[in-house]
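Report on the structure given below.
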Amino acid sequence: MTELQKLMATKAIKNPAENNPAIIHKFSADPAVLVYNDTVYIYATNDAQQAEITKCKEDNAYNKITNLNIFSSKDLVNWTDCGEIAVAGKQNPKGAAKWANNSWAPAICTKKINGKDKFFLYFADNGSGIGVLTADSPTGPFTDPIGKQLVARSTPNCAKVYWLFDPAVFVDDDGTGYLYFGGGVDKDPAHPKSGRCVKLGDDMISLAGTPEEIDAPWLFEDSGINKIGNKYYYTYCSNWAERGDAKGPDVPPVAVIAYMTSDSPLGPFTYQGYTLQNPGTLFGAWGNNHHWIFQFKGKHYIAFHAQFVEKAMGNEKGGYRNICITDFKVNEDGSLPMQPATKSGVRPVEKFNPYQTIPAATFAATANAGVTSKQTLKAVTDTGYVCIKNADISKGAKEFVVTTAEGNKKGIVKIYKTSPAAVNLLGEIKTKGKGTFACKINLPAQADATADIYIQLNTQSELESWELK
């Protein structure tokens, strides 16, 4: 484990009753969400990459970020670290886009092309343009299909956009794709006119028109797009400019998520108000605001980032963010109320299934244990653990099985029900080297039973996966 991974393992700890941040073990920002089959995938700016270089002794300047993070969940509470996508190739020889300096603020979608699901990952090459990568699965491998920026300064109606970044993507019911991007303030903070929207080609890697201006009041960054009912909702983060004497229903507070609606995906959009406060108002940690609204199992949610974890860690400098999720409400008339963002977060949408191979980098919470760059689990104390919430234990279990990695030595892995207290111990496995090891446990079957499960390991352990049988 790196020094940052060890630091986060010991300092980035949330209350057991809290589900926010959803992703606590790794600095990640600017969430983009893909719902595919029965799984939610989050793609995010890899603030941890910048933090590894700066040791959190410098403010996050984003200039060293070339990878994007991926996480997945079936219940919105227990998340699996799926690793990183090497995107920008100028600073990273493994980067798929050899022309790109950075990879920030991703956007993600899927579309069936020639009868097969394809995945399209759009990203900001700092503020200079938008790139696109493609893959045949949500976790890649991702490749560069065009070898250049999809949106650049040379793109019509884009030369004067202050920041060509922060893409959002949307595939309408008829299969047509649309891209939204832009931001920044030049002379008029009330009407920056730096937002853009454009129809994509059928291949999703070309533009099928000229980007059109979105006159979003007090726009700063962070385009979002959703279709709710028959309306199209364009959402964005308002800017930090002093409002002065500007007042009225079309003047949002600083750095909140505002929204506009239209009957067409390309507008014109009409300003309606704002729906998510800045994380500083919510949690006391001010910073930029970036969001993604999504629907899963019949309900709407909003993912966003906040900076209260870095403050709890006592970082010397700031700007390193973590992802949160909260319920997203829509009024009957289609208007959007203020969203109830809290540290308690969302409730699990289903029971967690432990009767299958579970990647060790899967958990709702952790203490003194962290995820390595290989997505293995290691502890920094002999009582490090991860917590799996709301596990389905109705079938009972007779065996606890773990698979260890190459770095495993004289490992000890324990499993607990309810809490990591001795009275709740179900079983213990002693391991040595890489391999699969098991122990007998006695967990009786009980209809509809659920419990939190704790996997505890000593510092000699390096865990790849586990399961109940």
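The values are calculated or read from the model by the stated rules, or taken from the named source; none is laboratory data. What you are looking at is a predicted structure, and each value in this text was computed from that prediction instead of being measured. Positions of Cβ are backbone-derived with ideal geometry, glycine not excepted, and every protein chain shown enters the neighbour counts. Only protein heavy atoms, including side chains, enter the accessible area calculation; ligands, DNA and RNA are left aside. Shrake-Rupley method; radii C 1.70, N 1.55, O 1.52, S 1.80 Å.
Some points to look at:
- Within segment 405-422, being open to solvent by 50 Å² or more (accessible area, probe 1.4 Å) and more than 15 Å from ASP382 (Cβ to Cβ) holds for GLU406, LYS417, THR418.
Every residue, every condition in (1) open to solvent by 10 Å² or more (accessible area, probe 1.4 Å); (2) in a helix (DSSP H, G or I); (3) small (Gly, Ala, Ser); (4) touching a residue at least 60 places away in the same chain (Cβ under 8 Å), yes or no:
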| residue | (1), (2), (3), (4) |
| --- | --- |
| SER223 | no, no, yes, no |
| THR235 | no, no, no, no |
| GLU242 | yes, no, no, no |
| ASP245 | yes, no, no, no |
| PRO265 | yes, no, no, yes |
| THR281 | yes, yes, no, no |
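- Filtering segment 247-263 to residues that are in a loop (DSSP other than H, G, I, E, B) and open to solvent by 10 Å² or more (accessible area, probe 1.4 Å) leaves LYS247, GLY248, PRO249, ASP250, VAL251, PRO253, VAL254, ASP263.
- For segment 79-101, a residue qualifies if it is part of a loop (DSSP other than H, G, I, E, B) and either surrounded by 24 or more Cβ atoms within 10 Å (Cβ to Cβ) or modelled with pLDDT under 95 (or both), and the qualifying residues are VAL87, ALA100.
- Enumeration of residues in segment 423-443 that are over 20 Å from PRO359 (Cβ atoms) and open to solvent by 90 Å² or more (accessible area, probe 1.4 Å): VAL423, LYS430, LYS432, LYS440, ASN442
- Among the residues of segment 69-106, those identified as in contact with a Ser or Thr (Cβ under 9 Å, 6 or more places away or on another chain) and among the acidic types (Asp, Glu) are ASP81, GLU84.
- Under the condition of being β-branched (Val, Ile, Thr) and either open to solvent by 40 Å² or more (accessible area, probe 1.4 Å) or free of Cβ contacts under 8 Å to residues at least 12 places away in the same chain (or both), the residues counted in segment 113-144 number 3.
- From the list ASN67, ASN101, ASN78, the one residue that fits, being of a type outside the set (Asp, Glu) and within 23 Å of GLY184 (Cβ to Cβ), is ASN101.
- Residue match in segment 6-19 (condition: in contact with a Leu (Cβ under 9 Å, 6 or more places away or on another chain), in contact (Cβ under 8 Å) with a residue 40 or more places away in the chain, among the aliphatic types (A, V, I, L, M) and under 30 Å from GLN295 (Cβ atoms)): no
- Of residues in segment 186-204 being surrounded by 20 or more Cβ atoms within 10 Å (Cβ to Cβ) and in contact with a Leu (Cβ under 8 Å, 6 or more places away or on another chain), the one nearest to GLY267 (Cα to Cα): CYS197
- None of LYS311, LYS389 is open to solvent by less than 30 Å² (accessible area, probe 1.4 Å), basic (Lys, Arg) and more than 17 Å from the chain's Cα centre (by Cα) except LYS389.
- Criterion (touching a strand residue (DSSP E or B) at 6+ places or on another chain (Cβ under 7 Å), more than 17 Å from TRP104 (Cα to Cα) and in a loop (DSSP other than H, G, I, E, B)) met by exactly one of LYS14, LYS6: LYS14
- Boolean, GLU316 is among the acidic types (Asp, Glu), touching a Lys or Arg at 6+ places or on another chain (Cβ under 9 Å), surrounded by 14 or more Cβ atoms within 10 Å (Cβ to Cβ) and at pLDDT below 95: no
- From the options ALA22, ALA29, residue that is surrounded by 23 or more Cβ atoms within 10 Å (Cβ to Cβ), out of contact with any His (no Cβ under 7 Å at 6 or more places or on another chain) and touching a residue at least 24 places away in the same chain (Cβ under 8 Å): ALA22
- Check on ASN37, open to solvent by less than 30 Å² (accessible area, probe 1.4 Å) and under 19 Å from the mean Cα position of the chain (by Cα): no
For every residue, the table says whether it meets (1) open to solvent by 50 Å² or more (accessible area, probe 1.4 Å); (2) within 23 Å of VAL77 (Cβ to Cβ); (3) modelled with pLDDT under 95; (4) among the polar types (S, T, N, Q).
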site: THR342; (1), (2), (3), (4): yes, yes, yes, yes
site: VAL346; (1), (2), (3), (4): no, yes, no, no
site: VAL349; (1), (2), (3), (4): no, yes, no, no
site: PRO354; (1), (2), (3), (4): no, yes, no, no
site: ALA360; (1), (2), (3), (4): no, yes, no, no
site: GLN375; (1), (2), (3), (4): yes, yes, no, yes
site: GLY396; (1), (2), (3), (4): no, yes, no, no
site: GLU399; (1), (2), (3), (4): yes, no, no, no
site: VAL402; (1), (2), (3), (4): no, yes, no, no
